[in-house]
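One structure is given below, encoded as structure tokens.
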Amino acid sequence: MGLLPNLNLFGPASEADKRATEVRSGAVAPSRAERARCWEARDAYFACLDASGIVDAVKDDKKAAAACGAESGRFEKDCAAQWVTYFKKWRVQDIQKKARLKELEAQGASKMDVQSDFAARK
């Protein structure tokens, strides 16, 4: 037994930490509870970005880190790395899409009823 028996410098300290690392790396699929925790962290991070006036957290990473560091840390801890990247890019695209639609409506464009899922139409 060494001087620091509980100090694990080479990996996760517990099964929960090991699981979280596996989820973040994409080695295992997240459970329903883990997905819910990820979505909560994402929503809190995006709310912070909105309050700080930051649209693109990838492009403005230093500004986002300064304004929303704690929320970003939780988001990156609770979500798979690929999900973090996807959600950040999706957010920018969604904001751009909404702005473009608003612009088109202001120009007199007709609104179309478009369904973007596979549910049966009513």
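The values are calculated or read from the model by the stated rules, or taken from the named source; none is laboratory data. Predicted model, so just to flag it, every value in this text is computed and none were measured. No Cβ is skipped: glycine too gets one built from the backbone with ideal geometry, and neighbour counts run over all protein chains shown.
For region 49-71, taking the residues that are under 12 Å from the mean Cα position of the chain (by Cα) and modelled with pLDDT of 95 or more, the one that is surrounded by the fewest Cβ atoms within 10 Å (Cβ to Cβ) is identified as GLU71. Looking across region 22-48 at every residue that is part of a helix (DSSP H, G or I) and modelled with pLDDT under 90, the one that is farthest from THR85 (Cα to Cα) is identified as GLU22.
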